[in-house]
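Asker: Have a look at this one before I ask anything.
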Amino acid sequence: PKVGSSCLKKVVEFCSHHAEEPMIPINSPLTDDTLETNVSQEWYQNFITGIDQNMIFELVTAANYMEIPPLLDLTCLIVSIGFMGKQAEEIREILKIAKMTP
């Protein structure tokens, strides 16, 4: 997949920091529905909360394609937290899935 320069910059930022301070693995199943409960390291919390939704989805794709499990785990975590408490219709709209006909 195509990875834009702004996304690639975020990937490099994540990997550079991860080389210095590896991210503590995220437990599965999740222990709670908050980022702070599942990710104890402040840098990683700040990194992921400072990113808009479109970039998050681009990072999910990039992390998966580039095989960067910690980034994939972190981005999938923030997506799943965002889905908690939402109705199927709301999730469909977030993911830009066309409405299905009966």
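The values are calculated or read from the model by the stated rules, or taken from the named source; none is laboratory data. Since the structure is predicted, the reported quantities are computational estimates derived from the model, not experimental observations. For the accessible areas, the whole protein counts, side chains as well, though only heavy atoms, and no ligand, DNA or RNA atoms are used. Shrake-Rupley method; radii C 1.70, N 1.55, O 1.52, S 1.80 Å.
Asker: For q values of 0.14, 0.19, 0.24 Å⁻¹, compute log₁₀ I(q)/I(0) with the Debye formula on a Cα-only model of the range 1-59, without solvent.
Answerer: -0.44, -0.79, -1.10
Asker: I've got another one for you. Compute the relative contact order of the chain as a whole-number percentage, counting only Cα pairs closer than 8 Å that sit 6 or more residues apart in sequence.
Answerer: Rounded, it is 28 percent for the chain.
Asker: OK, next. Expressed as an acute angle from 0 to 90° and rounded to the nearest 10, what is the orientation of the C-alpha long axis of helix 5-20 relative to the principal long axis of the chain?
Answerer: Long axis of 5-20 versus the principal axis of the chain: about 50 degrees.
Asker: On average, how much area does the Cα convex hull of the chain cover when viewed from any direction, in nm²?
Answerer: 7.5
Asker: Might you tell me the accessible area per residue for the chain, computed with a 1.4 Å probe and given in Å²?
Answerer: Here the residues of the chain average 66 Å² of exposed surface.
Asker: Then there's this: Using a 1.4 Å probe over the heavy atoms of the protein chains, calculate the carbon and sulfur portion of the accessible area of the range 19-102 as a whole percent.
Answerer: Solvent-exposed carbon and sulfur of the range 19-102 make up 54 percent of the total.
Asker: Related question: Using the Kirkwood formula over every pair of different C-alpha atoms, what hydrodynamic radius in Å results for the range 46-102?
Answerer: It is 12.3 Å.
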